[in-house]
1. Between A:T367, A:T317, A:T330, which is modelled with pLDDT of 95 or more, surrounded by 18 or more Cβ atoms within 10 Å (Cβ to Cβ) and among the hydroxyl-bearing types (S, T, Y)?
2. Filtering region B:65-80 down to residues that are charged (D, E, K, R) and in a loop (DSSP other than H, G, I, E, B), which residue is farthest from the other protein chains (Cβ to nearest Cβ)?
3. Taking the condition of being in a loop (DSSP other than H, G, I, E, B) and either exposed (fewer than 11 other Cβ atoms within 10 Å of the Cβ) or not polar (S, T, N, Q) (or both), how many residues in region B:115-133 meet it?
4. Just to verify a result, which residue in region B:1-39, among those that are basic (K, R) and within 11 Å of another protein chain (Cβ to nearest Cβ), is surrounded by the fewest Cβ atoms within 10 Å (Cβ to Cβ)?
5. Select from region A:1-38 the residues that are among the charged types (D, E, K, R), closer than 19 Å to A:M214 by Cβ and in contact with a helix residue (DSSP H, G or I) (Cβ under 8 Å, 6 or more places away or on another chain) and list them in ascending order.
6. Would you tally the residues in region B:45-67 being crowded, with 24+ Cβ neighbours inside 10 Å and of a type outside the set (V, I, T)?
7. Filtering region B:40-51 down to residues that are within 14 Å of the chain's Cα centre (by Cα) and not aliphatic (A, V, I, L, M), which residue is farthest from the other protein chains (Cβ to nearest Cβ)?
8. How do the pairs read when you match residues in region B:100-128 that are on the phi < 0 side of the Ramachandran plot and small (G, A, S) with residues anywhere that are in a loop (DSSP other than H, G, I, E, B) and at pLDDT 95 or above, using Cβ under 7 Å and keeping only pairs 6 or more apart or on different chains?
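The values are calculated or read from the model by the stated rules, or taken from the named source; none is laboratory data. Everything quoted here is computed from the prediction, not taken from an experiment. Reconstructed Cβ throughout: ideal geometry from the backbone, glycine too, with neighbour counts over all protein chains shown.
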Amino acid sequence: MALKVENVELPKKYHDAVEHWHRHNFKDYDLLLKYWDKYFPKDDQFCLCAKMELGTTDVIQIGEQKGEKKRLKPEEMTPEQSGHLLAIIKAQASTEFGSIQQHAATVDRAPEDEDKFWTMRVMAEELRHGYQMLHLLLSEDWSSVSGGVTGEQMVEEILSMTTGSHVLDAFNLDYDSYTDNVVFAACIDRVGKYQLTMQKVCAYKPMADSMPPMLREEAFHLAAGVIPMRRWAQKAAKGDVFVTMRMMQHALNKWVPRGLEMFGDERGGDTNVNFGFKDMKNDEASSLYHEELRKMIRDINTRYIRARFPDYTPEKTEQVLDELERSRGTHHGLAWTDLLRLPDKRFFRRKGVHAFQMVGIDGEPFTDVEDWLRYLAANLNDGYIASRDMKLYAEALRSVVSGEKTPAEAIKSMPRLKRVGGTCPCSKGVRWVMEDADGGQTTVAVR
Amino acid sequence: MPDVTTDVRIRPLDELDLNGIVRINEKITGAYEPDLWEKRVMFYTRRDPGASQVAEANGKVVGFMLGDCRAGEFGLEEPSGWIERFGIDPDYRGQDLGRRLFDAICAHFKAEGATSVRTLVDQNDAPVAGFLKAIGFGESSLAALERKL
């Protein structure tokens, strides 16, 4: 129940475009709505609409214009500001639609119907969040800072994106199993929580007003990640052969580095704060995020130890966990490495200050690139290590280690697949291009 | 004995508070019930995020109050706040944390348009009934009825 919210629908052709998009990218959307009351009894029905919080402050809370009236239109900002904000909105929209495409690939492998419907609710709410960002793009004229690109073209571009062509790396990785659906929700949606929270202060009022309804829904997404992980930890402790801590650890190793990179380079973020768009710089926010993950992992490990040693009191469980973390040893057959560990901030990075450093999960340094890649192969799941993403990462890393490229050059050299033309998979005239570091494009597939 | 003199912060519940709530309940009742509390926390997290509150001291949950704002039940069309479960770590009792949790959850209910807050209590549970009376709960024309089956 939220009574201070105004629901807004996009103009019909754009609303229809989103409806069309979900028919291709979220096939069980109608199934979710059909059984909504069974899995979410008495909850408000899902609404595919933009939700604008009412009664929020009119005053800019941070940055160079602190104390001034919040901006209501792009032209009330400087071209630099509105251009920067436009990029944030487009990136946010990309993540929302991107995560649905990722979830869709493996949601049917959920072990229980309840798990599947939790994930589908997450997907539906991400759809609404994407819709919210389209509303921000379409409700005002951004053409003065978009290089003449119209709102319609921006929407077409966003709805054309697929896994591999999204703005942020985390949304370009395929899920390999339902474990990814869950661990992604626990780790990557947590970045979303931070971004939305930081943007609550946004100097552009329609953006700020979009955040509280999205944040309320994000709370469920985090729980839809953490609670299954807790239950899996309990099953693993009791000897379930199909559910292991190792599979969760491998998924953490895949997603935590990408989550840290979603905050942007650790040396940046000043512009966002100066412009009044966010209230934290990148390093501060990503450090808080990393610490929150530490708490999440400790909670799950506590659940595991308690299930493994049912007679232990809460205090004894905490003592055992403290001791295992300190000694990295064993306790009555339970090894520290049997528990989940938070990957070091430098582990498996390809963006930011730690890009292409070779540092293990527990902070151990590597000097030989082939040893490092073998270590990664042993600590990521099989489906992922055979992927195009890992192949490109290894190529870029080898070029950095050999001195052929600097880390900065290697970061820029990671190519992206981009789908050009055709908002919808129904379209016949689709061209796939590979973007080079310098913005050049090579056609790699036409259908 | 923990240091209970430090500042206690009241804030909305999140999914990482589960262990703390399970631990408080275990201290009070002696029962370790993570499955039950995972269901309850998931329910309130999706149902009315921001309503349920926890008290935190030194990064540890030392109290909680779970509830949500509802309308359209039992013929009550206007939104009402409902409080279902609460607990204070026995080591932290006597610091008015229950009242502070109650004030925070009520502020949320008011912001959602509620003009009253409701709960059910076992009249045989004197400490809980006494606490609810102390924070202002009184008799209601609505009564909980029960028939054995």
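1. Answer to the selection: A:T317.
2. Across region B:65-80, the extreme among qualifying residues is B:E77.
3. 7
4. Across region B:1-39, the extreme among qualifying residues is B:K39.
5. Correct list: A:K4, A:E9.
6. Qualifying residue count, region B:45-67: 10.
7. B:R40
8. none
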